[in-house]
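The values are calculated or read from the model by the stated rules, or taken from the named source; none is laboratory data. All of these numbers come straight from a predicted model, not from anything done at the bench. Don't worry about glycine lacking a Cβ; one is built from the backbone with ideal geometry, like all the others, and counts go over all protein chains shown. Surface areas here come from the heavy atoms of the whole protein model, side chains and all, with no ligands, DNA or RNA. Shrake-Rupley method; radii C 1.70, N 1.55, O 1.52, S 1.80 Å.
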Amino acid sequence: MALLTQSEEKYTEAYGPRLSYTPVGGWDTREPDKLVKTHCCFCGVQCGIQLKVKDNKVIGFEPREDFPVNRGKLCPKGVKRYMQNEHPDRLLNPLVRLESGGFREANWEEAFDKTTKEIQRIQNSFGKDSFAFLGGASMTNEKAYLNGKFARVALETANIDYNGRLCMVSAGAANKIAFGLDRAANPWSDIPKAKCIILSGTNLAECFPVLTQAIWEARDNGAKIIVIDPRITPIARTADLFLPVKPGRDSALANGILHLMIKNGWMDDAFVSEHTSGFGEASKVVEKFTPEYTEKITGVPRESIIQASEIWGTAETSMLLHARGIEHHTKGVENVLSYINLVLASGRIGKEGSGYGTITGQGNGQGGREHGQRCNQLPGGRDINNPQHRKDIADFWNVPEDAIPQEGLTACELIDAIEEGKIKGLLSISFNPLVSIPDSARVRKALEKLEYFGVIDFFLSETARHADVVFAGSLQEEDEGTVTTGEGRCVKLNRSITPPGNAMEDWRIICEIAKRLGKEELFSYEGTEQIFTEYTSASKGGPIDYSGMTWDRIEEEQGIFWPCPEPEHPGTPRLFEGGKFFHPDGRATFNAFDYRPPAEDVDPEYPIIFTTGRVVSQYLSGTQTRRIGSLVDQYPEPLCEIHPKLARKLGIEDKDLVKVASRRGEIVLPAQVTPTIRPDTVFIPYHWAGKKAANQLTNRALDPTSKIPEYKVCACKVEKVCGESDRYMKVEDAKPKWIFDRR
Ligand code: SF4
């Protein structure tokens with residue numbers, strides 16, 4: 001049976017797939033067979049939740065009040081997450097592409113056989129590195145480790161990377177440069193103790209919602225909250241001070257604040273001299289960043305810059321938190337380092353109520369970047385280019401050191417290599433690049449060039465529709481394992497149900513392919529706990545050491561913060577205590593940079609700044625949340641936020657249909673006229689596919705260090721297409737029918 005006809009494929013290309021929706025309401029009141037304590041499958045807060053299970057189905061949830069981070073609270077995504085279980089779109093069998101287009105259901109033997117033969121054919125013809133692997137940061141630590149091992153010793157390819165490359169890598173790279181280690185410095189429990197909090201480039205209340213409570217507790221305790229963002233996001237509405245920075249100018253603003261801290265003596269000189277290096281050079285770089293000069297670059301009024309510097313500079317305790325708003329740039333690493341300078345200058349790090357953290361977007365944004373699925377990384381946070389680290393892992397896996405490939409390409413570079421014909425085959429798991437990588441037209445062309453494309457997923461994502469073979473994998477609740485939250489706490493996910501139909505746990509699929517590639521002895525696991533024991537042992541002695549953890553301990557202690565190098569070690573909630581950093585000299589480093597413009601700035605042809613981000617009811621590429629009816633109801637389609645001043649200038653009114661165009665593509669969607677955005681900038685959320693994809697417009701220019709794309713700033717132009725009352729009649733394809741038909 002063909003699951004998709006050719007006309008269906010054309011529809012998909014235009015609008016994204018027709019999705020099924022879970023019913024709205026209909027709370028299942030039956031007595032569950034069991035309640036399973038686990039964690040939410042979405043963002044890096046990893047809220048505790050109890051899933052109600054009946055007849056091997058998740059039928060609802062109960063609050064889980066024993067987990068200290070959320071204490072029973074959940075955001076809209078967490079409340080509705082159980083509704084993806086038993087979803088009509090759930091893949092129950094492997095799918096194989098038909099020559100005529102579309103898919104037919106297949107058995108596992110056929111899916112594995114076809115995949116193994118294609119891997120061998122491609123690698124025999126074009127070399128090992130011509131076959132690539134893409135992983136994800138929503139998956140467990142166990143799978144992150146397995147992905148890395150599978151690519152290096154089963155596929156024997158250098159080319160493995162993951163979707164965290166689109167997410168936390170600028171923060172990760174900057175953390176290593178500044179501190180010698182990549183992790184949040186403090187547990188979230190330190191936030192309410194801070195007397196000043198800077199939130200820079202983080203739409204915290206929508207992307208990390210439950211953590212808002214900690215910010216509000218701090219405020220109730222007398223903290224001043226400073227929010228830096230081009231939009232007055234929900235958290236900004238409760239801030240003491242809002243700095244409306246122009247997209248792409250973040251490091252300049254941090255330089256301006258540091259300039260005033262130095263000038264006014266709001267520094268901890270003793271801390272700087274005893275625990276840091278590089279301050280002299282940094283102070284020279286920021287010398288010219290007077291309030292006037294900084295205002296000119298950033299668009300932030302000088303009075304606000306002065307006020308922010310004084311609040312931050314004179315605070316008793318403080319926390320700096322940032323996210324993609326400063327990281328999704330061609331100078332993402334520079335931006336993060338510039339903000340870290342403010343923390344180091346204050347000396348307020350490694351102390352109760354004082355420190356620093358990165359808001360991780362994906363559920364395992366932290367753990368997903370630690371265990372070896374990055375192109376330059378081996379387990380335990382080891383460096384693939386470091387001979388000793390390579391030897392450690394080669395010995396652990398019992399393979400020759402030269403059998404471990406060298407550093408491969410990053411995620412966006414892999415897509416380029418596919419387009420250039422250098423990579424011919426790809427296996428991808430829980431990654432939807434067609435929605436999440438910039439310049440989606442180019443990504444689509446690249447995927448169409450692959451000679452073989454295999455996807456492991458639980459729904460048929462937009463990307464999976466280009467696959468030759470789709471393996472029906474597992475949802476979070478259908479497997480067990482660990483994830484590491486945004487604060488560095490490793491927590492345990494418990495299995496609630498077994499995969500439905502003929503679907504299979506992801507790790508079994510990967511191990512089966514490895515066995516068929518002749519590596520059975522290295523991939524014969526009885527269960528996920530065995531993979532956990534292996535990766536924690538592999539991490540021993542590495543920069544990221546989990547070797548003292550066990551599943552029982554993690555459960556009993558409500559998670560353990562790494563490093564935890566011994567069974568008796570209590571874990572390390574607060575890093576850098578006593579001003580001890582992880583560089584060989586024990587010091588943290590200042591790193592300051594002169595301002596440089598974004599890769600694509602505005603010009604007369606494209607005079608408006610375009611930026612992207614999230615909404616509270618959706619999660620990343622929307623594969624899961626666009627299928628949950630009540631989440632779709634909260635924000636059914638992307639809107640273009642535009643300031644009333646700019647709207648007036650362009651003759652646009654609220655709900656008019658507008659066309660937003662960049663040098664790469666265009667999108668037609670309703671305008672949302674709102675005073676909460678800078679008048680020189682428009683914003684579109686990125687969770688949708690096809691003609692609704694914001695990433696048709698974004699620029700794939702990369703940060704030279706982290707290789708993250710510049711999602712947060714490019715140039716665009718905006719014009720009115722038609723008014724609200726005309727829009728459904730005149731522009732039929734602007735709002736596909738399924739939005740209305742779905743119930
Ligand atoms: Fe899930 Fe994050 Fe919402 Fe918590 S805050 S319920 S982890 S999406």
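For the reader, a short list of remarks on this structure follows.
- Between the residues THR38, PRO76, GLY60, the greatest Cα displacement towards the positive end of the dipole of the range 32-86, with unit charges on the Cβ of Lys, Arg, Asp and Glu, is found for PRO76.
- Loop-located trypsin sites (Lys or Arg not before Pro) in the range 28-75, at most 11 other Cβ atoms within 10 Å (DSSP): ARG30
- Where trypsin sites (Lys or Arg not before Pro) fall in DSSP loop in the range 265-326, at most 15 other Cβ within 10 Å: LYS288
- Cα gyration tensor category, rounded, prolate or oblate, for the range 46-99 with a/c compared to 1.5: prolate
- For the chain, the per residue solvent-accessible surface stands at 34 Å², with DNA, RNA and ligands left out and a 1.4 Å probe.
- Long-range Cα-Cα pairs in the range 234-348 (distance over 22 Å), rounded percent: 28
- When Rg and the Kirkwood Rh are both derived from Cα coordinates, the Rg/Rh ratio for the chain amounts to 0.95.
- Across the range 75-170, Cα-Cα pairs more than 21 Å apart make up 57 percent of the total.
- Within the chain: Cβ-based charge dipole about Cα centre, in debye rounded to nearest 20 (Lys, Arg +1; Asp, Glu -1): 1600
- Only helical runs count toward this figure. For the chain, summing -39,500 (n - 2.57) over DSSP H runs of n ≥ 4 and dividing by all residues gives -8500 deg cm²/dmol at 222 nm.
- Whole-Å distance, taken between Cα centres, linking the range 239-288 and the range 65-82: 37
- Given charges at Cβ of Lys, Arg, Asp, Glu: the range 608-738 dipole, positive-most of VAL718, THR698, VAL668: THR698
- Computed Rg/Rh of the range 608-738, alpha carbon atoms with Kirkwood Rh: 0.96
- Rel. contact order, % - alpha carbon contacts under 8 angstrom, at least six apart, the range 169-358: 33
- Surface share of carbon and sulfur [accessible, 1.4 angstrom probe, percent] for the range 108-161: 44
- Percent carbon-and-sulfur accessible area, the range 608-738, ignoring ligands, DNA and RNA, probe 1.4 Å: 50
- Portion, in percent, of the accessible area of the range 390-445 that falls on carbon or sulfur, probe 1.4 Å: 47
- Mean sequence separation of contacting Cα pairs (under 8 Å, at least six apart), scaled by the length of the range 608-738, corresponds to a relative contact order of 33 percent.
- Reach of LYS422 by Cα under 20 Å, taken over aspartates and glutamates that are not fewer than 8 positions away in the same chain: GLU118, ASP129, GLU156, ASP161, GLU407, GLU413, ASP439, GLU448, GLU451, ASP468
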